[in-house]
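Read through the structure below, which is laid out as structure tokens, and then see the notes.
The values are calculated or read from the model by the stated rules, or taken from the named source; none is laboratory data. Quick caveat, the model's predicted, so the values are computed rather than measured. Glycine gets a Cβ as well: all are built from the backbone with ideal geometry, and neighbour counts include every protein chain shown. Side chains are part of the model used for accessible areas, which takes the heavy atoms of the whole protein and leaves out ligands, DNA and RNA. Shrake-Rupley method; radii C 1.70, N 1.55, O 1.52, S 1.80 Å.
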Amino acid sequence: MLTALVSCAAPAALILIVLTLLQQAAPAIEKFGPAFLVRSVWNPVTLDFGALPYIYGTVLTSAVAIAIALPVGLAVSLFLAEPGAGGFRGAIGTGIELLAAIPSVVFGIWALYVLAPFSLHNFETPLSQHLGFFGFLSGPPRQTSLFTASLVLAVMILPTLSAVSRDVIRSVPRGLRESSVALGATWWEATWRVVLPTARAGIFGATVLALGRALGETIAVTMVIGNRDEIPPSIFSPGYTLASKIANEFSEATGTLYPSALIELGLVLILVTLTVNLIALLLVRSNQARMAA
């Protein structure tokens, strides 16, 4: 009975948070309705608000961060899961896990003074010059941009992605790999065709956890994303995320409608996160059903 009550605490807390946000965001919800999600204007002077640029920035930066971090994290987890050279592998694993202990504001400072200039000269400028005919990669590159925010997010979610994936890969029975090697498969063939398919559901779960971290990150992103109220034409342009918009303006919001609109942004952020997690859960279940069939 006690364990059942304790297990209900987490969903009860989530429901309480959502109800509180709904209550505080009620003035904005009543005024703008569902159109709040597709409006691009944000004008505190005329009390006219919309969330579309911030939804776009949140989803784009998180998606690019996952695209960058997933192959790196998967390679790291495969390396750490292999036996042998325990001291060396253990030191690398500890170093990666310690990244999770670094405060977000420190990541932001490092990104602003180290990562942003490096990215500008080595990634953004060459990509813009050679692939600028793609609208997504066009425009003058900047140190503070959606791309820089995506890079720092990729570094921040790497510990979660690699640590969970490593544990999942280690849980795959060694007999499966040994059997495939005994049949003549190379190490890479055994890994690609046996180990990774077996651990697919767990790796997908690790990816969803990392994506949840990326969607909600605030301070580090705020320091390097550029903070511009528009849907940017290029990934090298400044933008905004839901979390960074709330962090930047909540302390100076006055009246009733302005803070209510910011709180509704928080409600939208929860909605986006829950939607992503529900889609991921459906994909995992579909994959498990297909494998069982």
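For the charge dipole of the chain, defined by +1 on Lys and Arg C-beta atoms and -1 on Asp and Glu C-beta atoms about the Cα centroid, which residue among 206, 62, 265 has the Cα displaced farthest towards the positive pole? Checking the options against the dipole of the chain, the answer is 206. The longest stretch of the chain left intact once loop-based chymotrypsin sites (Phe, Trp or Tyr not before Pro) with at most 15 other Cβ atoms within 10 Å are removed from consideration, loops following DSSP, is 135-293.
Between the alpha-carbon centres of region 250-267 and region 160-231 there is a gap of 37 Å. What the phi angles of region 171-178 give under the Karplus curve with 6.51, -1.76 and 1.60, with θ = phi - 60°, is a coupling list of 7, 5, x, 5, x, 5, 5, 4 Hz, glycine and proline written as x.
Within region 217-274, the proportion of C-alpha pairs whose separation exceeds 16 Å stands at 48%. Protein heavy-atom accessible surface, 1.4 Å probe, per residue over region 130-191: 49 Å².
Considering only alpha-carbon pairs that sit under 8 angstrom and 6 or more positions apart, the relative contact order computed for region 111-251 is 35 percent.
Expressed as a whole percent, the accessible area of the chain that falls on carbon and sulfur atoms is 70 (1.4 Å probe). Placing unit charges on the Cβ atoms only, positive for Lys and Arg and negative for Asp and Glu, gives region 1-153 a dipole magnitude near 100 debye about its Cα centre. Rolling a 1.4 Å probe across the protein heavy atoms gives region 1-90 an accessible surface of 56 Å² per residue.
Averaging the sequence gap over all C-alpha pairs within less than 8 Å and six or more residues apart, then dividing by the number of residues, gives the chain a relative contact order of 28 percent. Evaluated at q = 0.08, 0.15, 0.16 Å⁻¹, a Debye calculation over the C-alpha positions of the chain (equal weights, vacuum) places log10 I(q)/I(0) at -0.43, -1.23, -1.31. Stick to Cα atoms and the Kirkwood definition of Rh, then tell me Rg/Rh for region 167-280. Radius of gyration over Kirkwood radius for region 167-280 works out to 1.23.
Among 266-278, 162-174, what's the highest-first ranking by average C-beta atoms within 10 angstrom per residue?
162-174, 266-278
With only Lys, Arg, Asp and Glu charged, each at its Cβ (+1 for the first two, -1 for the last two), find how big the charge dipole of the chain is about the Cα centre; round to the nearest 20 debye.
For the chain, the charge dipole is close to 780 debye.
Label positions at residue 20 and residue 256, each projected 7 Å from the Cα along the C-beta direction, are separated by 2.2 nm.
The helix-based estimate of mean residue ellipticity at 222 nm for the chain, built from -39,500 (n - 2.57) per DSSP H run of four or more residues and divided by its residue count, is -21000 deg cm²/dmol to the nearest 500. Projecting each Cα onto the charge dipole of the chain (Lys/Arg +1, Asp/Glu -1 at the beta carbon, about the Cα centre), which of 144, 158, 92 comes out farthest on the positive side? Going by the Cα projections, it comes out as 92.
The residues of region 200-293 expose, per residue, 44 Å² of accessible area to a 1.4 Å probe.
For Cα pairs less than 8 Å apart in space and 6+ apart in sequence, what is the mean separation divided by the residue count of region 100-146, i.e. the relative contact order in percent?
36 percent
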